[in-house]
Amino acid sequence: MEKLYIKVDDWKNFLKGKIKENRIFAPVENNNFLFYENLNEENLEKIVYDKARAVEPVKIFLYPIKEFVVPEIKNIEKLVVMGVTSCDLRAIDVLDSVFKNSDYKDPNFSKRRENILIISFDCKNPYNSCFCTLVGVKPYPEKNFDLNLSKIENGFIVEIGSEKGKEFIGKDTRFYQVNESQIKQLEEDRKKVEEKINEINREFDIKNFENLKGMYHTEYWQKPNDIKNCVSCGSCNFNCPTCVCFLLEDTSTDGNFKKVKVWDACLFPGYARMASGVSPRPTLFDRYANRLLCKYWYMKENFGIIGCTGCGRCISGCIGKIDKRRVLTEVLKEKVKV
Ligand code: SF4
Ligand code: SF4
Ligand code: SF4
């Protein structure tokens, strides 16, 4: 892929021009966390280029929390989303497998995929909850982006990932060809970040996901102390870039029939409950197990890809302070003993 270089001030001025004709979202810091904001002249200076993922997964731009299925949505707006990290780009593969390439296609998802331009960033400062490298994801984008920005001294290396990305840059003369020392700096920075993530995760052993096969039984999941702290809040589901479950609700508030699709969470006690009141997963251990088995076994079996990118949102956002990596390490050890 072609790589260019642009100075920091030139990039800011380039963006100033772009916000006049595009709706652009980018990560901005608030209380030490990154949140996507719609860019304008004021917050453009606040974009964070050298951290890691935002709190919200990129999924919110492709598969909104709530939307109409009936009546049909006619106009899906074009968006530019900046700061998407490599783990969220992997999540797009999962979403594509479920909503675009499966037998049951979601036309709204496909339209949003066409109408989005993604400017991803390299991760420079991973969080303690990041474990992308443990699930085969690099902390720098390799695919699924239109442009990728890597911050280096005084500027950015801009990698062109698609025709759409190339058109976005156009013939702007503020972009130069990269030189060898800039590429060397990029490679060294990437290696350091990978090493840092491996160091963060050195106590966890969660590689052999295939060992989770057949671990439905509640007793496996009652052993790890962490799971007892689950309060079924559903935050791990709603923060996850690859959770895809939804409810369909029929309404007719103004006399016209409407069908609404809204995110659902398998950690909620009522998620799988049937009309008779019986649930196949009555305890929180069953529900927690189901979520992990779905991520690392069922999704792989059904769609050929594991449903976890290692983004760590389900760890950092868990009100019960459950570290999924610790749970997996303990549960997988139990399997080995059997
Ligand atoms: S975020 Fe934590 S407490 Fe909430 S449902 Fe998920 S595992 Fe349970
Ligand atoms: S399961 Fe957790 S770590 Fe994996 S993709 Fe979802 S939120 Fe991220
Ligand atoms: S999990 Fe990896 S790719 Fe995702 S934000 Fe953290 S360092 Fe970046």
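The values are calculated or read from the model by the stated rules, or taken from the named source; none is laboratory data. No experiment lies behind these values; they were computed from the predicted model shown. Quick reminder, even Gly has a Cβ in these numbers, built from the backbone with ideal geometry, and neighbours come from all protein chains shown. Just so you know, the surface numbers come from the protein's heavy atoms only, side chains and all, with ligands and any DNA or RNA stripped out. Shrake-Rupley method; radii C 1.70, N 1.55, O 1.52, S 1.80 Å.
Within the range 205-217, the set of residues being surrounded by fewer than 13 Cβ atoms within 10 Å (Cβ to Cβ) and assigned to a helix (DSSP H, G or I) comprises just one member, E210. Looking across the range 230-274, the residues that are surrounded by fewer than 16 Cβ atoms within 10 Å (Cβ to Cβ), part of a loop (DSSP other than H, G, I, E, B) and of a type in the set (V, I, T) come down to V231, T253. If you go through the range 277-294 and keep only what is among the charged types (D, E, K, R) and assigned to a helix (DSSP H, G or I), you end up with D286, R287, R291.
Just to verify a result, which residue in the range 53-85, among those that are within 30 Å of F257 (Cα to Cα) and within 16 Å of ligand 2 (Cβ to nearest atom), is surrounded by the most Cβ atoms within 10 Å (Cβ to Cβ)? Among residues in the range 53-85 that are within 30 Å of F257 (Cα to Cα) and within 16 Å of ligand 2 (Cβ to nearest atom), the one surrounded by the most Cβ atoms within 10 Å (Cβ to Cβ) is L62.
Evaluating G136 against the criteria (1) within 16 Å of ligand 1 (Cβ to nearest atom); (2) small (G, A, S); (3) surrounded by fewer than 16 Cβ atoms within 10 Å (Cβ to Cβ) leaves one unmet condition, (1). When the range 274-316 is filtered for residues that are aromatic (F, W, Y) and either within 12 Å of ligand 1 (Cβ to nearest atom) or over 20 Å from the mean Cα position of the chain (by Cα) (or both), the ones remaining, listed by number, are F285, Y288.
Give the residue that is surrounded by the most Cβ atoms within 10 Å (Cβ to Cβ), with candidates limited to residues of the range 298-338 that are within 15 Å of ligand 3 (Cβ to nearest atom) and of a type in the set (S, T, Y). Top of the filtered list is T309. It is to be established whether one or more residues within the range 230-237 are within 16 Å of ligand 3 (Cβ to nearest atom), out of contact with any strand residue (DSSP E or B) (no Cβ under 8 Å at 6 or more places or on another chain) and within 24 Å of A272 (Cα to Cα). For the range 230-237, residues within 16 Å of ligand 3 (Cβ to nearest atom), out of contact with any strand residue (DSSP E or B) (no Cβ under 8 Å at 6 or more places or on another chain) and within 24 Å of A272 (Cα to Cα): present. Looking at D50, D96, D88, just one residue is in contact with a strand residue (DSSP E or B) (Cβ under 9 Å, 6 or more places away or on another chain), surrounded by 14 or more Cβ atoms within 10 Å (Cβ to Cβ) and of a type in the set (D, E), and that residue is D88. Selection over the range 272-307 of residues that are closer than 16 Å to N237 by Cβ and of a type in the set (G, A, S) gives a count of 3. Of all residues in the range 18-38, those that are in contact (Cβ under 8 Å) with a residue 12 or more places away in the chain and open to solvent by 50 Å² or more (accessible area, probe 1.4 Å) have Cβ atoms under 6 Å from Cβ atoms of residues that are outside any loop (DSSP other than H, G, I, E, B) and not hydrophobic (A, V, I, L, M, F, W, C), 6 or more apart or on another chain, in E37/N43. Of all the criteria given as (1) closer than 22 Å to S97 by Cβ; (2) in contact with a strand residue (DSSP E or B) (Cβ under 9 Å, 6 or more places away or on another chain); (3) among the small types (G, A, S), the one not satisfied by S252 is (1). Of all residues in the range 295-323, those satisfying the criterion of being more than 6 Å from ligand 2 (Cβ to nearest atom), charged (D, E, K, R) and assigned to a helix (DSSP H, G or I) are K300, E301.
Applying a threshold of 9 Å to beta carbon distances and a minimum spacing of six or more residues, or different chains, the list of pairs starting in the range 304-320 at a residue that is at positive phi and ending at one that is among the polar types (S, T, N, Q) reads G304/S97; G310/T133; G310/N201; G312/N128; G312/S129. Of all residues in the range 116-133, exactly one satisfies the criterion of being crowded, with 23+ Cβ neighbours inside 10 Å, within 14 Å of ligand 2 (Cβ to nearest atom) and either polar (S, T, N, Q) or in a helix (DSSP H, G or I) (or both), namely C132.
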